[in-house]
Each structure stands twice: as C-alpha cells, then as structure tokens.
Amino acid sequence: TLLAALFVGALACEGCGSGSSGQPGTAGAGGGSAGAGTAGAGTAGAGTAGAGTAGAGMAGAGTAGAGMAGAGTAGAGTAGAGGGTDAGTAGAGGGTDAGAGHDGGTAGHDGSVDQSEPEVGDGGADVAVCGADGTSCAAANGAAGYCLAKVCKVCVDTTDDAKCVTAYGAGQICVAGKCVVGDCHASAGCATGHVCGATVANKCGTCASDTQCQNDTHYGAAFICDTTTGHTASGTCVSSACTTVGTCSANTGDTCCSMKCVTGNCCSDTDCHSDTQFGAAYFCANHVCSTCAAPAGNQYFVDPVGGVDATASGSGKVGTTANPTCSFRTLTRALQVIGTPAPAGTTITIVGVANATTALLAAEDLPIVIPANVKITTSLGPISVALDANGSGFALAGDGAALVGTTVAPILIDGVNHASGVGIAVAPGAGKAASLSNVAIKNTGDDGIAVMNGALAIGPGVTVTSAGHTTSTTVRRSGLHVAGGTVTIAVPAGGTPSTFTANTLYGIEVTDLGVLNITGVPVTDPAITGLGTVVASGNSRSNIFIAQTPGTVPSVGVIDGVVAWNSTNGAGIEIQTGSQLKLRNTVSLANATDGVLITTGDATAAGEAVGGIDLGTANSFGHNILQVPLTAAADHSNPGVGICLSLDKDSGTQTLSAAGNVFAGPLDCSKGTPGGVLNKNATCGARFDEGIVVTTGTTATIVSSNCL
C-alpha cells in the first residue's frame, strides 16, 4: 500500500563524471562519491542514464528508463553543487521501483520492491509523494491516507471520515488511522436496531442472533434480536422485555422468563415435565429442557461434530458420563446461554478430534465476540474457522476475554484468499486485558491481528502469515497492527515460537498510541539462522515498523530478544523519531536493507527527536546483533548497514544512544576490548556497521561506546 517516496540526503561531489548512456542500472557513476550507485531495480533502458554535468558539482543523474521504468524519474536530481549538502530528488519512479537510496546516490538500496507497486521511502510519514489536496495516497506506514500540501497524511479516527470520503468516495470511514470501506464506528451510528459489523466489519447490518445484540456495547443484555419473518422490526435489536409466559413473539428461539425473553424453551423443570415433547426425564438447564447434567463451575463444552444446540446444557455429560450430545454444537449457542455479564472464570472448550482438524460450522455468527470473563480454549485436535468475505473471525471485547488454543489443538483462522477482514480484533477497553496463544492466522484481507485499546498478552504459538494483498497498492496489511493499547509478546526458551512472517506490509506495525513489548529468546548458538521464540521474518516491508504519534506515547516499549530476519524490501526494524522504544538482545540480520533504520517522524520538535529511541546506553548495553561479516558460507549480513540514522533536513542536533551492540568483524561493543573499530558509511550501504545520512540543518551522532 505504499506509494513512491522522495528522499533528501547529501554528500559533497567534486567533479562527478557523466554516467554511461543507455545502461539499465548505472546512474552517474562518475569520479565523485555523491550520486554514484545503482539506479533502480527495474527495466531501465529507455531513458538516459547519467547525462548530468561532469565536473561542475552536479551528480550526473539523468532520467533512468523513463517510459519503461515507470511514470517518473528514477534517481534524478542533483546531489549538491560542489561541496554542498543538499541531495537531489530521488525520483518518484513507477512500477519498476527504480527509486534512489538514502542519499540520492546509492539507488537501489530502497528500490528492490516487487514490481507491482512503487516503493516506500525511509523518510517517514512526511515524504510520500502526493497529488492534489484531498486525493488518495498511501502514507509511509502503508495506511490509506489523503493528500495535504503534497504530503500523504494518515487520517484520525472518527474526525476524518469526511476526508476519507473525499479521497476514496462514498462508503469510506477512518478506522485505526486508515481509510477503509465502511459506514459506522459503532452501532450508535447505524439505523435503530442495526448492528455495526453484524456481517461486515465497520458496516451497519441486521442482527441474526440475540448474542449479536447482547454483546454490542450500544445495546447490551437488555436486548434480543427479532428474528421473526414479517415483523417490521425483523433483523433488529429490540427490548428483551416480555409479559406473556411462553415463546417470545420476537424470537421463537426465546422464552419469556421473569418478564424477560431468554434464549431457550423453559423457565423451570416443571415446564419440561409438562411438555409432551420432553417429559419427566427432562430438566431445565440454562433455559433448555435437557437430560444433560448442568454445567459445573462455569465450564462449557462445544463439539462441532457431535454437539446439539437444541437440547444440550453445555456440560458434555449425562449424569457423570461424557456424552457429546450434551455439548453445544456452536460457540454462538454457548455464548447465548452464558449471556452477559459472564461469571468470572467462565471457560468454553471446543472439543476436536485427535490427529485431525475440526472445522467450526458455517452456522456460527461471525465475528465471534468473546465478552469479559470468557476464555475459549480447545482439546484433542486443531480447530479451524474459515472467515466470510469482508468479515472478521474473533473479537476480544471485554476484560479477561481470551482465545487460547492448546499446543495439540491450536485454533486455525483462514481468511480464504484474502477476502476477509481482520482475523482477530482486540478492544477490551482502556485499562482492561485480553490474551491470545496457540492461534494461527493466514490469508486475511486485512491485518491478521488489530489492536485498538486495552492490554493484549500474546503467548506461545501465535503465528500470522500472508495478511493483505500483493496485487493492490491499497490493501497491503500487517501481521500485527497495534494502533492503541499495549501488546506484550512473551515466549520463553523452549516455548512454541510466535511468528509474524510473509505479510504484505509489516510483520508487526505499531502506530498512533500503540505500545509494543517483546520478551523472546533468539537462537545464537551454535549459529545464527533466524530462529528464536519471537520472530518477524520475510515480510514485504520492514519486519517491525514503529511510528508512534510524537509527544503522545503513553509508555516506553521494551523489545528484548526478538529476531527480525530477511525482510523482502525494508529494514529489519524501522523506527520513526518521536517513538519511545528500548531495544535489547535482538538479532536483526539478512534483511533487504538495514538492521535498524531510523527516519524522521514529522517536522515538529517531538517528531524529530531521537532521544526516545534507546538501542543501548553506557549503563545498559544493547547486546543487539545488527551486522555480521560477509562470508561465502552463510551471508546473513544486512546489505545496507547495521544502524542507519537517516533524518530529514533541519532536524537540529540529534544523538542516538546505541552502546554495546554487535557488528561485523566480529565486533562486540559491549566488551572493554571490542575487537576492532566500527566501519561507517555516509550512504547507509555497502554492508557497513553504521551510517548517518548527512542533511542540511541536521547534526546527527550515534554514540556506540565501547566502540569508536
């Protein structure tokens, strides 16, 4: 979802020569250092490469393949007259991504994006190419945004809905900082009785069950769904109040008990005994006439194969003997019976089949909203769920809500050819907590996991792969997107790894007021191969991208022991200034560009500040492995540099703390005798250890003690 970006950098150039004409890659590879390098990764033969002015301070970067290489100039512009510090325009190249690098010289450092869409820059949210005000664009974090003063802006939830309509047309709103298809943020914005997200995320729709109404914050426990065909209010949430004993007219699946419609067919044992359909052997359990035992200790069972919604109590037993017909067949029915608020410690166990995968029924009302105090878990074998088109899978929507599969029975969520919405939406509420473990999510149309608020604990066995689309510039998505609240990922040594791989945007994306904490254990002995207990690898852009709103971040995120490996087109970890992050004991290698890339957040003082980014201090070394020697046997080096500090012009004096990290050599800066000196590069290239891109009005320093 990223449009091409313009980069501003600088190097002195003394007599750069004219480049070779008609070459597909080389642009201005003259005698000077500025502007020299490879121009683009696409088909660039139709234009004039390196036709600049030789020896006069110009970088000699002409148009590289204009016409075949996209709708813009690739690597075009000046790299500073004489000893100047301003770089030229890096070119807004088209489909072949022939964009320039960090300094306008090493083109191709950022230009290796797949040829289906333009490349994102390293300069933060204020460098995306934009058209007229109000038109659509993709911000640096991949969000569908809008143009303002030639800058692509991310939208603000609820307040910028109109701007999304202007940019993308009717039926668009702003959700989690991006314009998406929809017409509601909550049911309060829908017609009376309708539910926001009933079948399609962020779209008003009709209800299909009492649960949808009762779990909705706008309606709640005092409402049921009118499911009776022919009623004026059919398909809407209505009051559960009733006065006539017996079946409720609004929903024939409900009965009137104590002047309230409840899901079921009885209010007492007498109702079952006197009903000829049942008789003396039946008892009223959870408002259902059943021969099953009553659930014990708020423990319920769902059996998608042998369960029976109509007569089960959810105990899974007749007397003390296990019987599948006493389990519910659907989670929808179990949640109806449990109701809201659920008692503390309520658990629903989905019973699978050993050594086989059991699918949830198509009759489930998706998304399955897990309310406060309810944990959904599994037993015996894996449980799968296929998502509806544009629909989501689960929503963790209350304090204590949990979706925790077991090691032998993980929960498998499939977006089915990227047609779905998010796999799991997390919004338990401010100050409230939810949890997730042993869940695998793949092929969603939107983010795999989207966190809006609250605190989410991610444990072992959570995997997200292939979120979003590669065929469209507006629907690339991340494995985990934290737009609000705090996510803590913790997997100890020996635990089933949690991984975020091969997603079409980032593996993990943190924006707005989101905070990310990770505690993992990389595998470094006997060799570093990209393994660990928390891994982000092979993602289309940077494996981890952090771009919090400057000046508003609620707390410092601590990433300790993550593995960021083999990004397809970006850095291992990309951080925008203004973010608040502490990085320790992390491995970031084999990526397309840098181990850690730091770019400017915005033009405000807070947005230009590097001080909130801590890669290691003299009192607390980083111990991050960010570069390794280039070897024939195993090249895990970063083709860019270990740490690249690439700030915009006029950012003032900025100092990055990066003490005690590990680089090529091998060079361990946490030791009193590190083993060598740092190799530094002003273009963030050539597999060096560190690079600082020089820009006008900015004085940047990386403090790398104990290394020089």
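The values are calculated or read from the model by the stated rules, or taken from the named source; none is laboratory data. Here the structure is a predicted model, which is why all the values come from computation and not from measurement. Reconstructed Cβ throughout: ideal geometry from the backbone, glycine too, with neighbour counts over all protein chains shown. Protein only, heavy atoms only, side chains kept; ligands, DNA and RNA dropped before computing areas. Shrake-Rupley method; radii C 1.70, N 1.55, O 1.52, S 1.80 Å.
Quick rundown of the values:
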| quantity | calculated |
| --- | --- |
| Answer residue from the stretch 154-210, given it is polar (S, T, N, Q) and part of a loop (DSSP other than H, G, I, E, B) and is nearest to the chain's Cα centre (by Cα) among those | Asn202 |
| Any hit, the stretch 531-543, residues being more than 19 Å from the chain's Cα centre (by Cα) and within 23 Å of Ala634 (Cβ to Cβ) | yes |
| Pick from the stretch 348-381, criterion hydroxyl-bearing (Ser, Thr, Tyr) and either in a strand (DSSP E or B) or modelled with pLDDT under 95 (or both), ranking: farthest from Gln299 (Cα to Cα) | Thr358 |
| Subset of the stretch 147-184 [β-branched (Val, Ile, Thr), in contact with an Asp or Glu (Cβ under 7 Å, 6 or more places away or on another chain) and under 21 Å from Gly131 (Cβ atoms)] | Val151 |
| Cβ-Cβ under 6 Å pairs, at least 6 apart or on other chains, the stretch 383-405 side touching a residue at least 12 places away in the same chain (Cβ under 8 Å), far side of a type in the set (Lys, Arg) and open to solvent by 10 Å² or more (accessible area, probe 1.4 Å) | Asp399/Lys432; Ala402/Lys375 |
| Those residues of the stretch 258-270 which are farther than 16 Å from Cys225 by Cβ and surrounded by 21 or more Cβ atoms within 10 Å (Cβ to Cβ), in sequence order | Asn265, Cys266 |
| The stretch 582-592, residues that are surrounded by fewer than 22 Cβ atoms within 10 Å (Cβ to Cβ) and in contact (Cβ under 8 Å) with a residue 60 or more places away in the chain | Asn585 |
| Only listed residue being under 29 Å from the mean Cα position of the chain (by Cα) and among the hydroxyl-bearing types (Ser, Thr, Tyr), chosen from Ser657, Ser670, Ser704, Ser620 | Ser657 |
| Strands (runs of 3 or more DSSP E) wholly inside the stretch 593-708 containing at least 2 residues that are open to solvent by less than 20 Å² (accessible area, probe 1.4 Å), among the acidic types (Asp, Glu) and touching a residue at least 40 places away in the same chain (Cβ under 8 Å) | 688-693 |
| Any hit, the stretch 444-467, residues being modelled with pLDDT of 95 or more, surrounded by fewer than 21 Cβ atoms within 10 Å (Cβ to Cβ) and of a type in the set (Val, Ile, Thr) | yes |
| Filtered residue count, the stretch 195-244, keeping only those that are surrounded by 15 or more Cβ atoms within 10 Å (Cβ to Cβ) and on the phi > 0 side of the Ramachandran plot | 3 |
| Meets criteria (in contact with a strand residue (DSSP E or B) (Cβ under 8 Å, 6 or more places away or on another chain), of a type in the set (Asp, Glu), free of Cβ contacts under 8 Å to residues at least 40 places away in the same chain and not in a loop (DSSP other than H, G, I, E, B)) for Asp309 | no |
| Which numbered condition Glu574 fails, given (1) out of contact with any Leu (no Cβ under 7 Å at 6 or more places or on another chain); (2) open to solvent by 10 Å² or more (accessible area, probe 1.4 Å) | (1) |
| Filter result (over 16 Å from Leu366 (Cα atoms) and acidic (Asp, Glu)) within the stretch 381-425 | Asp399 |
| Tally, over the stretch 382-410, of residues that are on the phi > 0 side of the Ramachandran plot and either buried (at least 20 other Cβ atoms within 10 Å of the Cβ) or at pLDDT 95 or above (or both) | 1 |
| Qualifying residue in the stretch 411-427 (condition: more than 22 Å from the chain's Cα centre (by Cα), surrounded by 23 or more Cβ atoms within 10 Å (Cβ to Cβ) and free of Cβ contacts under 8 Å to residues at least 60 places away in the same chain) | no |
| Where Cys284 falls short, out of the listed (1) modelled with pLDDT of 90 or more; (2) surrounded by 19 or more Cβ atoms within 10 Å (Cβ to Cβ); (3) hydrophobic (A, V, I, L, M, F, W, C) | (1) |
| Residue among Gly345, Gly319 that is at pLDDT 95 or above, open to solvent by 20 Å² or more (accessible area, probe 1.4 Å) and closer than 13 Å to Ala296 by Cα | Gly345 |
| Residue in the stretch 167-190 that is open to solvent by 50 Å² or more (accessible area, probe 1.4 Å) and within 30 Å of Ser258 (Cα to Cα) present | yes |
| Conditions (1) open to solvent by 70 Å² or more (accessible area, probe 1.4 Å); (2) among the polar types (S, T, N, Q); (3) over 37 Å from the mean Cα position of the chain (by Cα); number of the one not met by Thr255 | (1) |
| Members of the stretch 322-334 that are of a type in the set (Ser, Thr, Tyr) and either open to solvent by 60 Å² or more (accessible area, probe 1.4 Å) or not in a loop (DSSP other than H, G, I, E, B) (or both) | Thr325, Thr332 |
| Residues located in the stretch 287-305, provided they are open to solvent by 30 Å² or more (accessible area, probe 1.4 Å), more than 12 Å from Asn265 (Cβ to Cβ) and over 41 Å from the mean Cα position of the chain (by Cα) | Thr291, Ala294 |
| Condition check for Pro497: farther than 19 Å from Val439 by Cα and not aromatic (Phe, Trp, Tyr) | no |
